[in-house]
Structure formats: C-alpha cells, structure tokens
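The values are calculated or read from the model by the stated rules, or taken from the named source; none is laboratory data. As the structure is a computational prediction, the values presented were derived from the model and not from experiment. Here the Cβ is made from the backbone with ideal geometry for all residues, glycine too, and neighbour counts use every protein chain on show. Ligands, DNA and RNA are excluded from the accessible area calculation, which covers all protein heavy atoms including side chains. Shrake-Rupley method; radii C 1.70, N 1.55, O 1.52, S 1.80 Å.
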Amino acid sequence: MDPRPAPFPTLLRAPGTTPDGPFEPVLDVADLPPGAMRRVSRGDVDVLLANLPVGIVATDDRCPHMSAPLSIGELDGCVVACPLHEGRFDLSTGETVQMPTTGGIDPDGVYRPTWSPAGRDPKTDPPGKKAEARRLTRVRRLRYYPLRIADGRIEIVWPAIDDEGA
Ligand code: FES
C-alpha cells in the first residue's frame, strides 16, 4: 500500500501550525519504511516522523513527560516506549498508554503514583523538591504537525516563528 498520512485529532495540532501549510519537504518517503522513526529538526524544534500501521505522523520528538527523544525509543505498532522512565505513548492518538515510573499528573489531570516494573524493587520517592517536581509533572497528550506526501517526499508544516531570520 502507498504510504499515506495518518489522521490525527484536530485539537492536537501543534501550536503555531496551520492545517493548510505552508508545507515543506523534510524527508524522502523511501527513507521512512514501515515501522521506522526519524527525527527532523529546524532551529530548536525537533519533530518525530513515524511510519505507523495507520499511516505516517509528525509529532514532537520530545517525550510528553520529561522531553527525552522518542525517536530513539522502541516502536511497537503505534506505541512508542520512551528511552527514559518506561512511559509508553500511542503515536496515532496522542494518548498515554503507560505512565512513566516516576508517576505524575496524567493528561486528564489525575495524579498517578510512582511505580516499578515487575521484578524490581519499588523506588521510594526522594524527599523534598524532587518528589514535588515528580508529583507535579504533567504528562500531556502529543501534538501533531500537519503532514502530506507529494512527489515521494514527506512534507510538514513547521510552527510559525516571529523572527523570520531565526
Ligand atoms: S522522559 Fe519519557 S517517560 Fe520520562
């Protein structure tokens, strides 16, 4: 089947982007086979391209927990496992599948406690600011960059920036 953009929830469009463009080429489709992930960057914006069973998506290459690069995580179907803290996220919906081990506030605003993978001793929360920071860290839903495929290339819309020269 020809590669195609995956639909994403309209409300989760990345801030500063518009659905109608301008689209700019970022990668040849041939360089993103099924099951692959790649990072593309402009300035300080890092975007994750992923070829999922439902199509190709462009989302932030920053874990919605503590910003680790999801592009070096493990992709299983539509779900990527973050290289830090065991968080797992559905790249097709933007939803959290598994909260990070550090716990925190989930996308619906509900506090989730720390946890440990099976077979490992439970971690005790360090006292003081660190525990407070963990408790107050919100894991939000992923955001998406509008994407299309033209002439064998993946094109996305970058966020507009005020400084044209940046
Ligand atoms: S940075 Fe990804 S789960 Fe913590």
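Taking K and R as +1 and D and E as -1, what net charge do the other residues with C-beta under 10 Å from the C-beta of Ile156 add up to? Spell out each step's value before the answer.
Details: positive: Arg42, Arg148; negative: Glu24, Glu155.
Once all neighbours under 10 Å are counted, the net charge is 0.
What percent does the relative contact order of the range 109-159 come to when contacts are Cα pairs within less than 8 Å and at least six residues apart?
Answer for the range 109-159 is 21 percent.
Could you grab the relative contact order for the range 46-113? Cα pairs under 8 Å, six or more apart, rounded to a whole percent.
That works out to 18 percent.
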Before rounding to the nearest 500, sum -39500 (n - 2.57) across all DSSP H runs of length at least 4 in the chain and divide by the residue total; then give [θ] at 222 nm in deg cm²/dmol.
-1500 deg cm²/dmol
Assigning unit charges at the beta carbon (Lys, Arg +1; Asp, Glu -1) and nothing else, what dipole magnitude in debye, to the nearest 20, does the chain show about its Cα centre?
720
Where the accessible area of the chain is counted over protein heavy atoms with a 1.4 Å probe, how much of it, in %, is carbon and sulfur?
51
Give me the net charge for the shell around Pro69: Cβ to Cβ below 14 angstrom, other residues only, Lys and Arg +1, Asp and Glu -1.
-2
